[in-house]
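Below is one structure; the comments refer to it alone.
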Amino acid sequence: MRKLHDAYFKQAKREGHLARSIYKLEEIDKKYSIIPTGGTVIDIGACPGSWLEYILQKVGENGVVCAVDLKPIAKRFKNTPVHFKMMDLRDLNHETFEDVAPAFDAVVSDAAPNTSGIRAVDQCRSLELCEAVAEHAELVLKPGGSFVCKVFESPDFQQFRSKMQKKFGSIRTLKPRACRDESMETYLVCKGFAQEPEERKVREDVKARKKKGRRTRQY
Ligand SMILES: C[S@@+](CC[C@H](N)C(=O)[O-])C[C@H]1O[C@@H](n2cnc3c(N)ncnc32)[C@H](O)[C@@H]1O
């Protein structure tokens, strides 16, 4: 499997991509149609930007793309701008991208914690990120929207999966071929967001409030 991992690394280099992770999202999207042409998408844990490369070419020039990471993104993208926030994903709220789009077709997250080498600790940190990302997705997704997040498999992950099952029409887990075999990572793919009336009300209240003029940086 190491050979396969190296093959994806070499392929990414040959094709001029920022990271081999691009093939993970490509596989997920080809299988489950997550990123619509002309769609609105948030990419969380986006640095260095290979998922953004894929998303930008898929949404095309009429798409709207937002991104979040603790680290800055060095790459400057042409054509479609990326509305980037350098921040902790746990601080995301209704207003973070409110000035960019009122609601989103897809929220995708490849965010991963720094690993400690202690399996249980890493699983717990990964799940904490997933829960924060899912919470944000529930606030900003359009009805019928999609949510993808990377998670380190664990017994607690099953609880999280069951929780998401109640909110989306279909749930799948997938380990794309470009993942290292020995890695704990897998991807939860949720489609068909069923928005609760209460959540819709919260969003409408927020939209009705005067905009505070927060600006997002464009790359
Ligand atoms: C595996 S990388 C993402 C690779 C990216 N999808 C790509 O294709 O280029 C994981 C990213 O998650 C980010 N991350 C981890 N914890 C985060 C947090 N609490 N808030 C925001 N970003 C976070 C890291 O900074 C890192 O850049």
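The values are calculated or read from the model by the stated rules, or taken from the named source; none is laboratory data. Just so we're clear, the structure is a prediction, and the values are computed from it rather than from any experiment. Ideal geometry is used to build each Cβ from the backbone, glycine not excepted, and the neighbour counts take in all protein chains shown.
Checked against the criterion of being free of Cβ contacts under 8 Å to residues at least 60 places away in the same chain and polar (S, T, N, Q), the candidates SER109, SER21, SER116 yield just one match: SER116.
If the condition is being at pLDDT below 95 and in a helix (DSSP H, G or I), then region 140-159 contributes PRO155, ASP156, PHE157, GLN158, GLN159. Restricting the first member to region 164-191 and to residues that are on the phi < 0 side of the Ramachandran plot and among the aromatic types (Phe, Trp, Tyr), and the second to residues that are surrounded by fewer than 17 Cβ atoms within 10 Å (Cβ to Cβ) and in a loop (DSSP other than H, G, I, E, B), the beta-carbon pairs closer than 8 Å and six or more apart or on different chains are PHE168/ALA194; TYR187/LYS175. Figure legend. Inter-residue proximity from region 36-65: first residues in contact (Cβ under 8 Å) with a residue 60 or more places away in the chain and within 24 Å of ASN114 (Cα to Cα), second residues within 13 Å of the ligand (Cβ to nearest atom) and acidic (Asp, Glu), beta-carbon distance below 8 Å, spacing 6+ or different chains. Indicated pairs: ASP43/ASP110; ILE44/ASP69; ILE44/ASP110; GLY45/ASP69; GLY45/ASP110; ALA46/ASP69; ALA46/ASP110.
Every listed requirement among (1) more than 12 Å from the ligand (Cβ to nearest atom); (2) in a helix (DSSP H, G or I) is met by ALA132 save one, (1). For region 116-129, taking the residues that are assigned to a helix (DSSP H, G or I) and more than 14 Å from the ligand (Cβ to nearest atom), the one that is nearest to the chain's Cα centre (by Cα) is identified as GLN123. Of all residues in region 28-58, those being within 15 Å of SER109 (Cα to Cα) and surrounded by fewer than 19 Cβ atoms within 10 Å (Cβ to Cβ) number 1.
For region 91-121, a residue qualifies if it is touching a Ser or Thr at 6+ places or on another chain (Cβ under 8 Å) and over 22 Å from LEU25 (Cβ atoms), and the qualifying residues are ASP99, ALA120.
Selection of region 135-160 for residues being farther than 17 Å from TYR32 by Cβ and of a type in the set (A, V, I, L, M, F, W, C) yields LEU139, VAL140, PHE152, PHE157, PHE160. Just one of the listed residues (GLU153, GLU98) is among the charged types (D, E, K, R), farther than 21 Å from SER21 by Cβ and out of contact with any His (no Cβ under 9 Å at 6 or more places or on another chain), and it is GLU98.
One residue stands out among those in region 174-198 that are of a type in the set (D, E, K, R) and under 15 Å from SER21 (Cβ atoms): the one that is modelled with the lowest pLDDT, which is ARG180.
Within region 160-176, the set of residues being in contact with a Lys or Arg (Cβ under 6 Å, 6 or more places away or on another chain) and assigned to a loop (DSSP other than H, G, I, E, B) comprises PRO176 only. Picking from residues in region 145-184 that are over 18 Å from the mean Cα position of the chain (by Cα) and among the acidic types (Asp, Glu), the one that is surrounded by the most Cβ atoms within 10 Å (Cβ to Cβ) is ASP156.
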